[in-house]
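What follows is one structure encoded as structure tokens, with my remarks underneath.
Each value in this text was obtained by applying a stated rule to the coordinates, not by laboratory testing. This is a predicted model, so every value here is computed, not measured. Heads up, the Cβs are rebuilt from the backbone with ideal geometry, glycines too, and the neighbour counts pull from every protein chain shown.
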Amino acid sequence: MGNFKVKDHYFNKAKDENFFARSVYKLEEIDAKYKVLKAGMQVVDFGYHPGSWIQYTSQVIGEKGLVVGIDIRELNKKLSGVQNVRVYEKDIFDIHDLTQLGVEKPFDVVLSDMAPNTTGIKSLDQDRSLSLVESVFGLLPRFLSPGGNFVIKVFDSQHAQNYLKEQKNIFSEFHYLKPKSTRSVSKEFFVIGKNFKA
Ligand SMILES: C[S@@+](CC[C@H](N)C(=O)[O-])C[C@H]1O[C@@H](n2cnc3c(N)ncnc32)[C@H](O)[C@@H]1O
């Protein structure tokens, strides 16, 4: 019962505030707490669709910033007219090079809210989620500037915990957060990395 109330509250709030999804409140909370985004930054958002994180980021980075989103889903055309936003229909597993995202220098911030289509088979869903997480970590040396910030959604599992432990030293700060707007039954949490040590 509590979960449905939470869902309704954030769902309605997103609708009232013209955000495409309730997910925006997760990024908002993360950013308020860890100061991930700033005006003028160049940001990439993996798994952006429908685009509430892009809407939020676009406001914070302002007209001198740029946010690039990719998703396997069809482009959300409502984002195509926005001055500091670029979106692509692409699979993270096909991304290897910055030029595929139309930029030359590495990003100041890498965001990922990617989630696989769930099958209901727990171990399979956990494996698929971890593959997405690994693919993003694999891109960091080329895609994230030294000193850059990082936010990624992770589905909890023993393998995920072990993997994260191996990665934590590539950032000066490495935090775990379960945002208030996340349904309490959900196994997802977010990892926030600050100050990337390239
Ligand atoms: C929870 S949604 C993102 C919501 C978004 N942050 C927002 O605020 O609107 C997760 C997205 O990850 C995308 N995704 C899943 N696997 C992907 C992949 N291999 N490559 C790119 N995007 C992927 C899904 O298509 C889905 O749109």
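Peptides 47-53, 19-25, 125-131, 170-176, ordered by how many other C-beta atoms sit within 10 Å of their residues on average, highest first, read 47-53, 19-25, 125-131, 170-176. In this label model, Q158 and K90 are separated by 3.7 nm, measuring between points 7 Å along each Cα→Cβ vector. Only one residue of S184, V44, F107 has its Cα farthest out toward the positive end of the dipole of the chain, where Lys and Arg carry +1 and Asp and Glu -1 on Cβ, and that residue is S184.
The gain in end-to-end length when the S80 to S131 segment is fully stretched comes to 15.5 nm, 0.36 nm per residue minus the alpha carbon separation. Could you state the number of Å between the C-alpha centres of the range 79-156 and the range 15-77? Comparing the Cα centres of the range 15-77 and the range 79-156, I get a distance of 13 Å. Measuring between alpha carbons in the structure, the pairs from K77/K165; K35/K90; K13/K33; K38/K165 lying more than 32 angstrom apart are K77/K165. Cα gyration tensor of the chain, axes a ≥ b ≥ c as square roots of the eigenvalues: rounded (a/c below 1.5), prolate (a/b > b/c) or oblate? Rounded is the answer for the chain, as its axis ratio a/c remains below 1.5.
Taking 7 Å steps out from each Cα toward its Cβ at R142 and N169 produces label points 2.5 nm apart. Extension gain, K38-E188: 0.36 nm per intervening residue step, less the Cα-Cα distance, totals 51.5 nm. Can you give the FRET efficiency to the nearest 0.05 for H9 and K105, using r as the Cβ-Cβ distance and R₀ = 45 Å? Rounded to the nearest 0.05, the efficiency is 0.65. A Gaussian network model of the chain, with springs between Cα atoms under 10 Å, assigns the largest mean-square fluctuation among G102, G62, G147 to G102. Students often get this wrong: which residues of the range 54-69 have the backbone nitrogen under 15 Å from the point 7 angstrom along Cα-to-C-beta of N18? In the range 54-69, the label zone of N18 (backbone N under 15 Å from the point 7 Å along Cα→Cβ) covers 55-60. Taking every DSSP bridge with both residues inside the chain, close to 40 percent are antiparallel.
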